[in-house]
Amino acid sequence: MGYTIIEKIIRNNTGAQTVKPGDIVTVKADRVMIHDIFIPFVADKFEEMGFKKLWDPDKAVLIYDHLVPASQLDDTRHFRIGDAFAAKYGMKHVHRSDGICHQLMTEAGYVKPGDVVFGTDSHTTTYGCVGAFSSGIGYTEMASILGTGTMWIKVPETIKVVIEGKLPDDVMSKDIILRLIGDLGADGATYLALEFTGSTVEEMSVSSRMTIANMAVEAGAKCALFTPDEKTAEYCEIQLSEFQKSLTGDEDGVYKKVIRYRAEDFVPVMACPSQVDKIKPVSELEGIAIDQVFIGSCTNGRLEDLAAAAGVLKDKKVADYVKLIVTPASRKIYQEAMEQGIMEILSEAGAIITHPGCGLCCGRTGGILSDGERVVATNNRNFLGRMGTSKVEIYLASPKTAAACALAGRIVSAE
Amino acid sequence: MGMTIAEKIIAAAAGVDHVKPGDIHTVNLDRLMSNDGTTHLTVDMYHNKLTNPRIADPEKLVFIVDHNVPADNPKTAAAQKKMRDFAREHQIDFWEGKGVCHQIMMENYVCPGELIFGADSHTCTYGALGAFGTGVGCTDFLYGMVTGTSWVLVPESVKFNLIGKLPEGVYPRDLMLTIIGQIGANGCNYQVMEFCGEGAKTLSVNDRMVLCNLSVEAGAKTGIFEADEIALAYLQEQGRKPKAVYKSDPDAVYAREYTIDLSAVEQVIARPDFVDDVVPAKEVCGVKIDEAFLGSCNNGRIEELRIGAGIIKGKKVAESVRFLVVPASLSVYKQALKEGLIDIFMESGAIVMNPNCSVCWGSCQGVIGENEVLISTGTRNFKGRAGHPSSKVYLGSAATVTASAIAGEITLA
Amino acid sequence: METFTGKVWVLGDDIDTDIIIPTEYLALKTIDEMKQYGFSPLRPELAGLIKEGDIIVAGKNFGCGSSREQAPEIIKALGVKCVIAKSFARIFFRNSINNGLLLMEQPDLYDDMTEGDVIKVTVNEHVEYQGRFYQIASLPQNLVDIISAGGLVKAMRKRNGLD
């Protein structure tokens with residue numbers, strides 16, 4: 001009998017002989033991620049539950065990113081509570097200003113192919129880029145895992161997405177996932193796993209896969225999964241085990257649906273205000289005047305993304321009266337970008353470069369806007385009021401498209 | 001009777017041969033600068049309080065967005081939008097996200113001999129290039145914008161005769177804090193602090209900016225240096241020519257004179273909550289800190305970044321400390337990038353932000369929380385300046401601040 | 001089976017967690033301080049109007065977006081007795097169960113519902129509105145167990161020998 005990737009991971013984790021969608025099983029967490037914005041609530045619930053110690057402090061990672069740097073008076077309270085919790089329960093893995101949680105979890109080697117990982121942030125689906133089952137949960141759930149090391153899940157069905165062929169030059173993986181979310185709808189993958197495969201996927205860097213896995217939750221998905229390959233091994237700095245190599249959808253695996261795309265058919269797209277599934281080709285939106293561009297976030301703040309933007313911005317200047325805010329996803333990426341001359345290009349173009357963190361994406365600071373303003377952003381959400389008042393329009397796009405818009409001062413396609 | 005530099009600048013601006021302290025003159029303003037602290041208020045008054053509003057000379061205006069960059073809430077964003085739209089409509093030079101206003105002004109506009117109003121108290125910085133810069137509120141700014149003129153009560157000048165040279169490890173910021181500590185927060189109230197002497201010759205334009213910038217913290221209307229070869233060389237590098245170069249006359253009259261021996265200055269700290277509560281840094285060593293800030297119009301230039309990088313290279317920021325490093329302008333950032341300084345700070349665990357007022361302004365970036373302690377290269381340490389009313393701010397040089405960031409407590413550099 | 005009635009507030013499709021509680025309020029210390037901002041980007045007056053025992057009826061994908069658990073906590077703190085929607089986003093669903101906020105999926109009620117009307121709910125069975133009965137699917141046993149325990153915190157406390 002054949003299995004999907006998620007079924008294989010769950011079988012391996014639980015030791016169950018058979019596993020099928022709909023089964024309620026208890027999985028052991030291989031790693032958990034808690035971030036600054038919710039640590040006070042996690043800490044509270046953990047102690048309210050009566051736990052005296054973490055099931056395994058080494059498996060827990062605490063990352064400050066939403067509140068770095070602090071923008072409101074009570075933000076630092078989150079750091080104090082986080083530091084105290086980590087100290088009290090012997091947590092060694094604490095990152096206070098190294099970048100966005102989802103970037104660090106794979107970049108710093110906390111997640112390996114085949115792992116089961118939970119995080120207090122919906123975009124925890126990101127780590128599926130290396131073939132891990134990773135999903136977002138609330139702080140009460142996290143507190144219970146910190147005490148027990150386990151969580152119940154319902155085995156999801158899987159939608160397989162097959163992409164074959166060569167992507168056009170102006171298309172990035174962001175355009176692929178936006179198109180898919182548009183086709184599925186914001187609840188089209190609710191409770192489902194999304195498996196990505198095909199020659200186009202195999203060609204993609206881990207960074208590009210990360211963008212896709214990151215946004216899977218915007219179609220309601222429980223998780224996203226990519227088969228670990230040599231690129232994964234190189235990125236994770238490991239040799240793939242037999243089990244990890246086996247994490248591919250079986251020919252006779254049972255899928256809810258198989259969706260096929262030809263890579264050549266993709267075009268640069270945007271998610272229009274104020275829903276992630278409101279997708280239109282950039283060509284249909286050309287000419288709309290904008291006030292700001294944001295390049296960053298766990299979706300598209302990596303070296304590959306900054307390089308794509310730099311390729312468009314080299315020797316040119318951001319349009320007058322338009323702000324370009326660039327927020328690299330991690331300290332490491334910032335340093336690599338400097339080494340490669342990318343930061344020089346971006347600053348020459350007039351970019352406002354901020355410290356690695358969530359920045360504008362989480363909408364607390366970092367370029368908030370007011371009535372009537374429009375922003376093109378490379379993050380993952382454009383909900384009403386996300387980046388300012390409810391009369392602000394947010395268009396989601398790839399870094400390449402976003403950079404082109406910054407130069408023009410209006411929505412345009414990257415050449 | 002002779003005139004001081006400041007008196008000469010005012011006389012020229014008033015179109016008269018001679019002015020003396022106590023006179024009131026109508027002056028032509030050479031330039032007006034406003035930032036996102038108050039421009040939206042000026043714009044509102046322009047539209048709502050004036051009949052037939054017009055701008056005397058848009059070419060003399062500079063609008064700079066620097067205080068809340070990137071914007072932290074819709075109100076800020078709306079205020080900035082108002083400023084941006086006005087600048088666009090009236091073709092006013094507009095800078096956004098390019099750095100702190102006074103740094104941009106010094107890099108791009110200020111010329112010796114000019115009389116400049118800025119809607120920001122630290123406009124006194126421009127004295128470093130022999131210009132008379134002073135801070136005004138939005139109403140005075142509006143008047144200046146609409147008429148191109150204003151009234152000025154000619155201030156007395158106080159002479160600060162600098163002798164000797166700063167010792168190794170002691171910086172212009174230590175010097176200026178020492179002076180303010182000596183004369184008090186109203187020590188030069190409504191007066192011009194004129195810095196001269198052989199000691200002045202040992203100070204670069206950057207150093208002079210540090211001094212002039214803080215003169216308002218002693219209550220001064222402005223601080224000023226003669227535009228000598230050092231200033232003129234800086235100006236030439238920036239591609240500008242002076243409007244006029246003034247020297248104080250030998251028989252100019254000063255309200256008071258001080259002699260300051262630079263070689264006797266040591267590392268100092270201004271303790272919370274007053275800029276003039278200045279003590280030797282060694283007296284506060286050991287005070288635990290939560291945050292350190294290297295930046296601001298006072299101490300965020302390449303010279304200070306080099307000092308900080310030199311101290312932190314190969315070392316790490318203390319785990320319990322947030323060390324924010326914020327270059328004063330995009331030009332400074334680009335230079336720091338080239339020199340590998342940004343990499344040194346990144347490697348050390350510092351938080352490097354875009355050029356803006358940041359922690360000094362204390363409104364939205366690196367704000368400190370309840371009972372927290374900050375050591376900063378900013379201009380002020382008033383109660384609640386950097387965040388929570390219960391928090392404490394210590395002012396020190398870039399060197400002292402960086403050394404403290406590494407140690408996790410106030411430490412001598 | 002538990003039965004109750006309540007006045008209904010109607011919200012549309014894809015009500016996301018940024019609408020339920022915008023990020024800028026997430027650093028407030030307590031749910032009590034946050035709840036006044038519930039739904040503010042969409043309906044700024046709503047939080048002030050909701051009374052104890054009221055019911056929310058919504059379209060599809062209610063609670064989509066972030067994992068912020070404050071979303072169901074605030075709805076509960078405002079006094080909402082239950083949320084009946086065409087469908088729920090999954091993280092929100094779990095978070096609600098864990099906090100004892102009653103959720104029910106019902107595909108047709110939303111289309112017929114008028115805001116301000118009163119409905120009668122029989123948990124895990126049906127909703128009665130204007131003489132019609134709308135069926136409700138029952139919850140899986142493990143979720144029933146968590147709710148019966150009074151939420152996940154109470155369930156864990158019991159496990160750890162407290163209470």
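If a residue must be crowded, with 24+ Cβ neighbours inside 10 Å, on the phi < 0 side of the Ramachandran plot and part of a loop (DSSP other than H, G, I, E, B), how many such residues does the range B:357-368 contain?
Counting residues in the range B:357-368 that are crowded, with 24+ Cβ neighbours inside 10 Å, on the phi < 0 side of the Ramachandran plot and part of a loop (DSSP other than H, G, I, E, B) gives 4.
With A:Ser144, A:Ser135, A:Ser122 as the choices, which residue is within 13 Å of the chain's Cα centre (by Cα), within 23 Å of A:Ala16 (Cβ to Cβ), within 12 Å of chain C (Cβ to nearest Cβ) and not aromatic (Phe, Trp, Tyr)?
Criteria check complete, one pass: A:Ser135.
Of all the residues that make up the range B:48-90, how many are surrounded by fewer than 22 Cβ atoms within 10 Å (Cβ to Cβ), among the small types (Gly, Ala, Ser) and facing chain A (nearest Cβ under 7 Å)?
Here the count works out to 1.
List the strands (runs of 3 or more DSSP E) inside the range B:139-221, counting only whole elements, that have at least 1 residues being among the charged types (D, E, K, R) and touching a residue at least 60 places away in the same chain (Cβ under 8 Å).
B:157-163, B:192-196
Determine whether A:Met91 is in contact with a strand residue (DSSP E or B) (Cβ under 9 Å, 6 or more places away or on another chain), in contact (Cβ under 8 Å) with a residue 12 or more places away in the chain, part of a helix (DSSP H, G or I) and not basic (Lys, Arg).
In short, no.
Can you confirm whether the range A:87-107 contains a residue that is surrounded by fewer than 24 Cβ atoms within 10 Å (Cβ to Cβ), within 14 Å of another protein chain (Cβ to nearest Cβ) and in contact with a His (Cβ under 8 Å, 6 or more places away or on another chain)?
Within the range A:87-107, one or more residues are surrounded by fewer than 24 Cβ atoms within 10 Å (Cβ to Cβ), within 14 Å of another protein chain (Cβ to nearest Cβ) and in contact with a His (Cβ under 8 Å, 6 or more places away or on another chain).
Only one of these is out of contact with any Lys or Arg (no Cβ under 8 Å at 6 or more places or on another chain) and surrounded by fewer than 22 Cβ atoms within 10 Å (Cβ to Cβ): A:Gly188, A:Gly119, A:Gly149, A:Gly182. Name it.
Just a single option satisfies the conditions, and that option is A:Gly188.
Pairs please, first residue from the range A:39-67 and at the interface with chain C (Cβ under 8 Å from one of its Cβ atoms), second anywhere and surrounded by fewer than 16 Cβ atoms within 10 Å (Cβ to Cβ) and not charged (D, E, K, R), Cβ atoms under 7 Å, 6+ apart in sequence or on different chains.
A:Met49/C:Asn160; A:Gly50/C:Asn160; A:Gly50/C:Leu162; A:Phe51/C:Asn160
When you look at A:Asp75, is it buried (at least 22 other Cβ atoms within 10 Å of the Cβ), under 25 Å from the mean Cα position of the chain (by Cα) and of a type outside the set (A, V, I, L, M, F, W, C), yes or no?
On the way: buried (at least 22 other Cβ atoms within 10 Å of the Cβ): yes; under 25 Å from the mean Cα position of the chain (by Cα): yes; of a type outside the set (A, V, I, L, M, F, W, C): yes.
So A:Asp75 passes the test.
If you go through the range C:42-60 one residue at a time, how many are crowded, with 21+ Cβ neighbours inside 10 Å and either facing chain A (nearest Cβ under 10 Å) or within 23 Å of A:Asn382 (Cα to Cα) (or both)?
Here the count works out to 2.
Given the residues B:Val332, B:Val321, B:Val359, which is the only one that is in contact with a strand residue (DSSP E or B) (Cβ under 9 Å, 6 or more places away or on another chain), closer than 24 Å to B:Val268 by Cβ and more than 9 Å from chain A (Cβ to nearest Cβ)?
The conditions single out B:Val321.
Scan the range B:369-395 for residues that are part of a loop (DSSP other than H, G, I, E, B) and within 15 Å of B:Ile312 (Cβ to Cβ) and report the count.
Applying the first criterion (part of a loop (DSSP other than H, G, I, E, B)) to the range B:369-395 yields B:369-372, B:377-386, B:388-391.
Then keep just the ones that are within 15 Å of B:Ile312 (Cβ to Cβ); that gives B:377.
Number satisfying all stated conditions: 1.
When the residues of the range A:374-384 are filtered to those that are part of a loop (DSSP other than H, G, I, E, B) and over 15 Å from the mean Cα position of the chain (by Cα), which remaining residue is surrounded by the fewest Cβ atoms within 10 Å (Cβ to Cβ)?
A:Leu384
Yes or no, residue by residue, for (1) farther than 21 Å from A:Thr211 by Cβ; (2) surrounded by fewer than 23 Cβ atoms within 10 Å (Cβ to Cβ):
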position	(1), (2)
A:Thr299	no, no
A:Leu324	no, no
A:Arg331	no, no
A:Gln340	no, yes
A:Leu346	no, no
A:Gly350	yes, yes
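In the range B:1-36, which residues are in a loop (DSSP other than H, G, I, E, B) and more than 14 Å from B:Pro155 (Cα to Cα)?
Once the filter is applied, which keeps residues that are in a loop (DSSP other than H, G, I, E, B) and more than 14 Å from B:Pro155 (Cα to Cα), the range B:1-36 yields B:Met1, B:Gly15, B:Val16, B:Asp17, B:Leu29, B:Asp30, B:Asp36.
Among the residues of the range C:67-83, which ones are closer than 23 Å to A:Leu192 by Cβ and outside any loop (DSSP other than H, G, I, E, B)?
C:Ala71, C:Pro72, C:Val83 - these are the residues of the range C:67-83 that are closer than 23 Å to A:Leu192 by Cβ and outside any loop (DSSP other than H, G, I, E, B).
Under 23 Å from A:Val318 (Cβ atoms) and over 24 Å from the mean Cα position of the chain (by Cα): does that describe B:His90?
yes
Does B:Glu291 qualify as being crowded, with 20+ Cβ neighbours inside 10 Å, more than 14 Å from chain A (Cβ to nearest Cβ) and within 24 Å of the chain's Cα centre (by Cα)?
No.
Which residues, counting only those in the range A:156-199, are within 27 Å of A:Lys20 (Cα to Cα), of a type in the set (Asp, Glu) and either assigned to a helix (DSSP H, G or I) or out of contact with any helix residue (DSSP H, G or I) (no Cβ under 8 Å at 6 or more places or on another chain) (or both)?
The answer is A:Glu157, A:Asp183.
When the residues of the range B:368-384 are narrowed to those that are among the β-branched types (Val, Ile, Thr) and more than 10 Å from chain A (Cβ to nearest Cβ), which ends up farthest from B:Leu395 (Cα to Cα)? Quick ask: steps written out before the conclusion?
So the first thing to find is which residues in the range B:368-384 are among the β-branched types (Val, Ile, Thr), and the list is B:368, B:373, B:375, B:377, B:379.
Those left that are additionally more than 10 Å from chain A (Cβ to nearest Cβ): B:373, B:375, B:377, B:379.
Numbers: B:Val373: 11, B:Ile375: 6, B:Thr377: 6, B:Thr379: 8 Å.
Filtering the range B:368-384 for residues that are among the β-branched types (Val, Ile, Thr) and more than 10 Å from chain A (Cβ to nearest Cβ), the one farthest from B:Leu395 (Cα to Cα) comes out as B:Val373.
Out of the residues in the range A:228-251 that are of a type in the set (S, T, N, Q) and surrounded by 21 or more Cβ atoms within 10 Å (Cβ to Cβ), which is nearest to A:Thr126 (Cα to Cα)? I'd like the intermediate steps shown before the answer.
The first filter runs over the range A:228-251 and keeps only residues of a type in the set (S, T, N, Q), leaving A:232, A:239, A:241, A:244, A:246, A:248.
Those still in the list that are surrounded by 21 or more Cβ atoms within 10 Å (Cβ to Cβ) too: A:232, A:244.
Values: A:Thr232: 14, A:Gln244: 18 Å.
Restricting to residues being of a type in the set (S, T, N, Q) and surrounded by 21 or more Cβ atoms within 10 Å (Cβ to Cβ), the top hit is A:Thr232.
Which of (1) closer than 20 Å to A:Ala349 by Cα; (2) away from chain A (no Cβ under 11 Å); (3) buried (at least 24 other Cβ atoms within 10 Å of the Cβ) does B:Ala119 not meet, given it meets every other one?
Of the numbered conditions (1) closer than 20 Å to A:Ala349 by Cα; (2) away from chain A (no Cβ under 11 Å); (3) buried (at least 24 other Cβ atoms within 10 Å of the Cβ), the odd one out for B:Ala119 is (1).
Could you tell me how many of the residues in the range C:12-54 are over 24 Å from C:Val153 (Cα atoms) and either part of a loop (DSSP other than H, G, I, E, B) or of a type in the set (A, V, I, L, M, F, W, C) (or both)?
Residues that pass the stated criteria total 19.
Determine which single condition A:Leu73 fails, assuming it passes every other condition in (1) touching a Phe, Trp or Tyr at 6+ places or on another chain (Cβ under 9 Å); (2) over 24 Å from A:Ile212 (Cβ atoms).
The one condition A:Leu73 does not meet is (1).
Name the pairs: first residue in the range A:264-281 and within 14 Å of chain C (Cβ to nearest Cβ), second residue of a type in the set (Phe, Trp, Tyr) and assigned to a strand (DSSP E or B), Cβ to Cβ under 7 Å, at least 6 apart or on different chains?
Hits for this filter: A:Ala271/A:Tyr395; A:Cys272/A:Tyr395; A:Pro273/A:Tyr395.
Considering only the range A:62-88, how many residues are aliphatic (A, V, I, L, M) and not in a helix (DSSP H, G or I)?
Total satisfying the criteria: 6.
Considering only the range A:385-408, state which residues are part of a loop (DSSP other than H, G, I, E, B) and touching an Asp or Glu at 6+ places or on another chain (Cβ under 7 Å).
To start, the set of residues in the range A:385-408 that are part of a loop (DSSP other than H, G, I, E, B) comprises A:385-387, A:389-392, A:397-398.
Correct list: A:Gly385, A:Arg386, A:Thr389, A:Lys391, A:Val392, A:Ser398.
Given the condition surrounded by fewer than 21 Cβ atoms within 10 Å (Cβ to Cβ) and either assigned by TED's automatic domain parsing to the domain that holds A:Lys174 or over 23 Å from the mean Cα position of the chain (by Cα) (or both), answer yes or no: does some residue in the range A:355-373 qualify?
The answer is yes, given that some residue of the range A:355-373 is surrounded by fewer than 21 Cβ atoms within 10 Å (Cβ to Cβ) and either assigned by TED's automatic domain parsing to the domain that holds A:Lys174 or over 23 Å from the mean Cα position of the chain (by Cα) (or both).
The values are calculated or read from the model by the stated rules, or taken from the named source; none is laboratory data. In this text, all values refer to a predicted model and were calculated from it rather than measured experimentally. Neighbour counts run over all protein chains shown; Cβ positions are idealised from the backbone, glycine included.
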